[in-house]
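Note sheet for the following structure.
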Amino acid sequence: MSALKMTGALPKGPQIRTSLPGPKAKAIIERDRAVVSPSYTRDYPLVIARGEGAMVEDVDGNLFLDCTAGIAVTATGHCHPEVVQAIVDQSHRFLHMSGTDFYYEPQVRLGEELSAIAPMKGPHRSFFGNSGTEAVEAALKLAKYHTRRHNVIAFFGAFHGRSMGALAATASKVTQRKRFFPMVPGTFHAPYPDVYRAAPGTSPDAVADASIRFIEEQLFVSLVPPDDVAAIIVEPIQGEGGYIVPPDAFLQRLREITAKHGMLLVVDEVQSGMGRTGKMFAIEHSSVEPDVVTIAKGIASGLPLGVATAKSELMTWPAGSHASTFGGNPVACAAALTTIRLLRDGIVKNAASVGAHMMEGARSLMAKHRVVGDVRGRGLMIGIELVRDRQTKERATTERDALVQECFRRGLLVLGAGRNAIRLSPPLVLTTQQADTAIEILDQALTAVGQ
Ligand SMILES: Cc1ncc(COP(=O)(O)O)c(C=O)c1O
């Protein structure tokens, strides 16, 4: 019988009952190999049967503590009963009518709710798609439409998605770009400020300054005039790139540059938004107000939804200039409305307090394991960077991969970020006790990989 009940007390932590993968998981993975695109990146053989809160049960009855949230998505936990109820209720009313051709209230209400939480002064308007990459496409197209300019500046290490416009801005791993050239022309990249990897003794302000100088003294001087740039797109905390938190001055300086030259500042909150960092949006940790914010992942607790929210004065494109058949699906909107209410009612606060506790736990691993070079992040967006030598900071890539596997074997789900970091991005309902369990397992797994 299944170990995880739909109702009743949850098991406190992981329970591994079979070898991994178990027999049922193995059979499904075999079938998957035959019919599913091999382009997906599966780091370990988890075949989920059910999820509840921060726990996941696999098809063989093994229980895992989920510190991935399905890549930072299930903000309110797996299958939050109120989100499920909202989905069921909306499903009984209508599943689809295309919000781009007709009207329905859930989409309007979601626009209103997003306006209430948007990290810049209103009024606002929102464009609804189905994914992060569509949110980014919408933001970049809007910037081009509004400014009548062609070019975009993004950052090395950035991940903005895999459709062609977003992929052009993405500069994370070459595998993601190989054989897909040419990218959308007119996309330029600048260094993202990484304080940990700067020369010893460099102040955070100086690290930010180096990135800004690259834009002003290299890009603007040698490659692209600023009055031909439509937007700068930036992750307020770099996600796939390694959970890198930039110095405060960086985002402020980007705001100054974009304002000075009439470009839009697009803040990609697809991974860092919806409460993950202990505030609704990561940009709120700075005093910066963007022009456009892109949102997806956590917004609907697992249903597909991507949004570009902009100041109304910028979103003036005419009917037909951009749309999506499924974008703003009513069931996804219903899930998002409940998600936002739950986040505001306490889950964002939980992310801040449990995140601070978990960060302390992760930092304590540094004393015991020399391979842990850096621990950083905000709220429940925590990155742990592994290095072979704390002096040279040589990237511990194989050790990182081994650590992910060791965690899985012990019932803890984590994913890598960047070349040699792991990310902790659990559902935001994680308890202090579960955070402690995750750190204990990490401790054992680090010992097992011999570090
Ligand atoms: C910051 C950021 N932007 C955009 C995307 C693309 O989102 P999606 O995979 O939903 O297209 C991601 C996905 O990881 C992301 O982290």
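Bear in mind these aren't lab numbers, they're just calculated from the coordinates by the rules spelled out. The structure presented is a predicted model; accordingly, all values stated were derived computationally and were not measured. Positions of Cβ are generated from backbone atoms using ideal geometry, with glycine treated the same way; all protein chains shown enter the neighbour counts.
Using label points projected 7 Å from each Cα along Cα→Cβ, tell me how many nm separate Gln218 and Thr447, to one decimal.
With each label placed 7 Å out from Cα toward Cβ, I get 4.5 nm.
Provide the net charge surrounding Gly383, with neighbours chosen by a C-beta distance below 13 Å and charges set as Lys +1, Arg +1, Asp -1, Glu -1.
+3
Can you give the % of DSSP beta bridges in the chain that are antiparallel, to the nearest 5?
65 percent
Would you mind putting 222-233, 94-105 in packing order, based on average other-beta-carbon counts within 10 Å, highest first?
222-233, 94-105
Which one, Ala27, Ala166, Ala402, is farthest towards the positive end of the dipole of the chain when Lys and Arg carry +1 and Asp and Glu -1 on their Cβ?
The one lying farthest along the dipole's positive direction is Ala27.
With θ set to phi - 60°, apply the Karplus curve 6.51 cos²θ - 1.76 cosθ + 1.60 along segment 291-305 and write out the HN-Hα couplings as whole Hz, x wherever there is a Gly or Pro.
3J(HN,Hα) across segment 291-305, in whole Hz: 8, 9, 10, 9, 9, 7, 5, x, 4, 10, 6, x, 7, x, 7.
Taking H placed 1.01 Å from N in the peptide plane, check which residues at least 5 places from Ser131 or on another chain put their amide H under 5 Å from its amide H.
For Ser131, whose amide H was placed from the backbone, the distant partners under 5 Å are Gly306.
State the extension gain, in nm to one decimal, for the chain segment bounded by Asp401 and Gln252, taking 0.36 nm per residue of separation less the distance between their alpha-carbons.
Net length gain for the segment: 50.1 nm.
Order of Leu442, Leu219, Leu415 from fewest to most other C-beta atoms within 10 Å?
Leu219, Leu415, Leu442
Along the charge dipole of the chain, Cβ charges K/R +1 and D/E -1, which of Val245, Gly61, Leu365 sits furthest on the positive end?
Positive-most Cα among the choices belongs to Gly61.
When you count, for each residue, the other Cβ atoms within 10 Å and take the mean per peptide, how do 35-43, 163-171 rank with the highest first?
163-171, 35-43
So what is the calculated 222 nm ellipticity per residue for the chain, using -39500 (n - 2.57) for each DSSP H run with n of 4 or more, over all residues, to the nearest 500 deg cm²/dmol?
-10500 deg cm²/dmol
Within 10 Å of each residue's Cβ, count the other Cβ atoms and sort Met120, Met315, Met183 from fewest upward.
With the fewest neighbours first, Met120, Met315, Met183 line up as Met183, Met120, Met315.
What are the trypsin sites (Lys or Arg not before Pro) within segment 62-131 that DSSP puts in a loop, where the Cβ has at most 13 other Cβ atoms within 10 Å?
Here the sparse-neighbourhood loop sites are Lys121.
Using Cβ counts within 10 Å as a stand-in for footprinting exposure, how do Thr447, Thr277 rank, fewest first?
Thr447, Thr277
Roughly how many debye, to the nearest 20, is the charge dipole of the chain about its Cα centre, given +1 on each Lys and Arg Cβ, -1 on each Asp and Glu Cβ, and no other charges?
In total the dipole reaches around 700 debye.
Could you tell me the distance between the Cα centroids of segment 60-89 and segment 405-451, to the nearest Å?
18 Å
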